[in-house]
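> Submitted below is the structure of interest, expressed as structure tokens.
The values are calculated or read from the model by the stated rules, or taken from the named source; none is laboratory data. Computed from a predicted model, the values in this text were never measured in an experiment. A quick note on method: Cβ atoms are made from the backbone with ideal geometry, for glycine too, and the neighbour counts reach across all protein chains shown. Remember, those area values only see protein heavy atoms, side chains included, never the ligands or the DNA or RNA. Shrake-Rupley method; radii C 1.70, N 1.55, O 1.52, S 1.80 Å.
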Amino acid sequence: MNRLIFKRTDGYSLPFAILIFIIVIILSSSLILTAYQKEIVIYRVILTEKLVTNANSALNILIAHSEKYPYNQEIHLSLYDSTQDSVILSKEQWGAFDILQATAHHKGQKKTLSAMIGSYTQDSSSIALFIPESGKSIALVGNVNIIGNCKLPEAKFTEGNVEGKIFTGKPIKSLIKTSECILPPLNENITKLTLNQAMDTYMEYDSKIVPIDDFKSDSLSVSFIADSTITLYSNKRIILNKKILKGKIVIISKKSIIIEPSSNLSDVICFAPYIQINEGFCGNLQAYASDSITIKENCNLTYPSVIGINKETHGNAKLSIMQNSSLYGIAFMNITDEASKSVLNISKNSIIKGQVYSNSYTEIRGAIHGTLYTKKIILRTNSSVYENTIMDADINIHKLSNNYIGIDLINEGTKGGVIKWIY
């Protein structure tokens, strides 16, 4: 008869089994935790992508219907009537441009997109040259090249002769229509870019006012999204020498502002009666004066720059872009005194890529790759001043980049777009 044989298990087998069990539990828990964390990461990625999409959609709504939204107010809305699609919109004027901001948020997470916006893009109907009807033709002298749609006096162009110099350019093949008798007025938002308005706007409690004599730092960078405007102010002349200033900064002087080429400026705004940018400067800014602006030789004002004069008192003003300098953006002159002899001057070998507007006189000896609206055009020589005369100038809207975004200077209702994303 067979007997059952029992073997006694060694004493260490039970702890070993428990150890195996614990290891299995740890591995299983790790797998579950890893899967859970992966799900969280995937959810966050999907949510972030959704928030970015929502913020971008909201920003596009704000761009397309900017006129419906007031400045300096937060607008809360739901894109698709869902709590997951809640966004906050805001609009703030920054000189001639707008700063638009859209924030999408859900369950404590948010994504903000902010952009500097312009209100003009060119199309096939855009005007290269507008001069109101005056009953007189526009005389062309020397090497003049004009390409693009024109609105001119009914007499249009003629070949002129100034002090023995005749027209040597190519025949003008632009589409020419008869202009109205009055130059379209400048956009009201642009006419408000004055020293007095800046004092009211930026010298209040919502700005951080720093007397220029107390500003000892060589550099300052201010975010458009998170920070308040920093206002550098003086009753006396301000000289910006070896300064790096970027972002949401306004510079105000009751006398004058002199910008040296050793300074690096980006997106800042300057207000003063007189502004001078000295030879060799390179940077982008907005500069608004009440009497005169002078851009010295060999300066490069990069995109998006704006220089403009709003003169509300009697007397003459001048805006001068001197030889071999360039401006990528907008230049304008707005004079309320109809008897004024103010001149916007674009010197030889200088160039503006963008838009030019003057409700007084314009003298162009350089180039405009874009559009010119002017009440009168003149030519000054050593011996005389000739009205309705253009000499050795290039006006060509086709040379302006299709990506250019500018300002709706004359309330045409043109389409806007993103100039630059800001952070």
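> Along the charge dipole of segment 302-401, which of 360, 320, 349 sits closest to the positive end, that is, farthest toward it, with unit charges on the beta carbon of Lys, Arg, Asp and Glu (+1, +1, -1, -1)?
Of 360, 320, 349, it is 349.
> What does the charge add up to near residue 268, with Lys and Arg as +1, Asp and Glu as -1, over the other residues with Cβ less than 12 Å from its Cβ? Write out the running numbers ahead of the final one.
Numbers: positive: 243, 246, 248; negative: 267.
Charge balance near residue 268 sits at +2.
> Follow-up question, since we're still on this one. Could you tell me how far the Cα centroid of segment 371-392 sits from the Cα centroid of segment 233-294, in Å?
29
> At a Förster radius of 56 Å, what calculated FRET efficiency corresponds to the Cβ-Cβ distance of residue 161 and residue 78, to the nearest 0.05?
Details: r = 68 Å, r/R0 = 1.22.
Given R0 = 56 Å and the Cβ-Cβ separation, E is 0.25.
> Considering only DSSP beta bridges with both partners in the chain, what is the antiparallel share in %, to the nearest 5? Mind showing how you got there, number by number?
Values: 32 of 133 bridges.
Antiparallel bridges: around 25 percent, rounded to the nearest 5.
> Please list, in chain and number order, the residues 5+ apart from residue 146 or on another chain whose amide H is under 5 Å from its amide H, with Hs placed from the backbone.
395
> For the chain, what relative contact order do you get, as a whole percent, if you take Cα pairs closer than 8 Å and at least 6 residues apart? Let's see the in-between values first.
Numbers: 1068 pairs, mean separation 57.2, N = 423.
It comes to 14 percent, rounded to a whole number.
> I've got another one for you. To the nearest Å, what is the center-to-center distance of segment 120-143 and segment 321-368, using C-alpha atoms only?
Value for the Cα centre distance between the two parts: 14 Å.
> Ranked by accessible surface with a 1.4 Å probe, highest first, in what order do 365, 237 come?
Output order, biggest surface exposure first: 237, 365.
> Moving to a separate point now. So if we plug the beta-carbon distance of residue 50 and residue 228 into 1/(1 + (r/R0)^6) with R0 = 41 Å, what FRET efficiency do we get, rounded to 0.05? The partial results should precede the final answer.
Values: r = 31 Å, r/R0 = 0.75.
So, using R0 = 41 Å, E works out to roughly 0.85.
> Turning to a different aspect of this structure: Per residue of the chain, what 222 nm ellipticity follows from adding -39500 (n - 2.57) for every DSSP H run with n ≥ 4, rounded to the nearest 500?
Values: 3 runs with 64 residues, N = 423.
Calculated at 222 nm, the ellipticity per residue is -5500 deg cm²/dmol.
> Next question. Under 10 Å, Cα contacts only: if you run a Gaussian network model on the chain, which one of 392, 98, 123 comes out with the highest mean-square fluctuation?
123
> Same structure, new question: What length, rounded to one decimal in nm, is gained on full extension from residue 203 through to residue 260, with 0.36 nm per residue of separation minus their alpha-carbon distance? Could the numbers behind the result be given before it?
Numbers: separation 57, 0.36 × 57 = 20.52 nm, distance 2.51 nm.
Contour length minus the Cα-Cα distance gives 18.0 nm.
> Roughly to the nearest percent, how much of the accessible area of the chain is carbon and sulfur, given a 1.4 Å probe?
Values: 11460 of 21800 Å².
Whole-percent figure for carbon plus sulfur exposure: 53.
> In square angstrom, rounded to the nearest 10, how much accessible surface does residue 230 have for a 1.4 Å probe?
Per-residue accessible area (residue 230): approximately 30 Å².
> Just to confirm the number: angle between the C-alpha axis of helix 13-64 and the first principal axis of the chain, 0 to 90 degrees, nearest 10?
Helix 13-64 sits at roughly 20 degrees to that axis.
> Right, next: What number comes out for accessible area per residue over segment 115-251 if the probe is 1.4 Å? Units Å², please.
Values: 7210 Å² over 137 residues.
Per-residue accessible area for segment 115-251 comes out at 53 Å².
> Go through 103, 313 and list them by solvent-accessible area, largest first, probe radius 1.4 Å. Don't skip to the answer; put the middle values down first.
Working: 103 15, 313 85 Å².
I get 313, 103, largest accessible area first.
> At 1.4 Å probe size, with every protein chain present, just tell me what the per residue accessible area of segment 373-423 comes to in Å².
Values: 2600 Å² over 51 residues.
That works out to 51 Å² per residue.
> Continuing with the same structure: Could you give the size of the charge dipole of segment 85-173 about its Cα centre, using +1 on the Cβ of each K and R and -1 on the Cβ of each D and E, expressed in debye and rounded to the nearest 20? Let's see the in-between values first.
Working: 10 positive and 8 negative charges, 53 e Å.
The dipole of segment 85-173 has a size of about 260 debye.
> Out of all DSSP beta bridges in segment 106-262, what portion is antiparallel? Express it as a percent rounded to 5.
On the way: 3 of 29 bridges.
The antiparallel proportion sits near 10 percent.
> Next question. First measure r as the distance between the Cβ atoms of residue 18 and residue 107, then evaluate 1/(1 + (r/R0)^6) with R0 = 35 Å and state the FRET efficiency to the nearest 0.05. Before the final figure, lay out each step's value.
On the way: r = 42 Å, r/R0 = 1.20.
My answer for the efficiency is 0.25.
> If you don't mind, there's one more thing I want to ask. Which Cα, out of 144, 230, 256, lies furthest along the positive dipole direction of the chain (beta carbon charges, K/R +1, D/E -1)?
Selected residue: 230.
> Separate question: So what's the net charge close to residue 92: Lys and Arg +1, Asp and Glu -1, counting the other residues with Cβ under 10 Å from its Cβ? The partial results should precede the final answer.
On the way: positive: 91, 248; negative: 98.
Cβ neighbours under 10 Å give a net charge of +1.
> Same structure again: Obtain the nm distance between the two label points defined at residue 192 and residue 300 by a simple spin-label model: each point lies 7 Å from its Cα along the Cα-to-C-beta direction.
Simple spin-label model gives 3.6 nm for this pair.
> Roughly how much of residue 113 is accessible, in Å² to the nearest 10, using a 1.4 Å probe?
Answer for residue 113: close to 40 Å² accessible.
> To the nearest 20 debye, what is the magnitude of the charge dipole of the chain about its Cα centre, counting +1 on the Cβ of each Lys and Arg and -1 on the Cβ of each Asp and Glu? Each step should come with its number before you reach the end.
On the way: 42 positive and 37 negative charges, 259 e Å.
Value, rounded to 20: 1240 debye.
> Would you indicate which of (1) 142, 53, 39; (2) 62, 54, 52; (3) 82, 57, 42 is the value of Cα extents along the principal axes in Å derived from the coordinates of this structure?
(1)
> Keeping all protein chains in position, work out how much accessible area residue 181 exposes to a 1.4 Å probe, and write it in Å² to the nearest 10.
100
> Choose one answer from 276, 109, 355: the residue with the largest mean-square fluctuation in a GNM of the chain with alpha-carbon springs under 10 Å.
109
> What does the extension gain come out to for residue 411 and residue 244, with contour length at 0.36 nm per residue minus their alpha carbon separation? Display every interim value, and only then the final one.
Numbers: separation 167, 0.36 × 167 = 60.12 nm, distance 3.50 nm.
Residue separation times 0.36 nm, minus the Cα-Cα distance, leaves 56.6 nm.
> Using a 1.4 angstrom probe on the protein heavy atoms only, could you order 253, 28 from most to least accessible area? Walk me through the numbers on the way to the answer.
Numbers: 253 0, 28 55 Å².
These residues rank, largest area first, as 28, 253.
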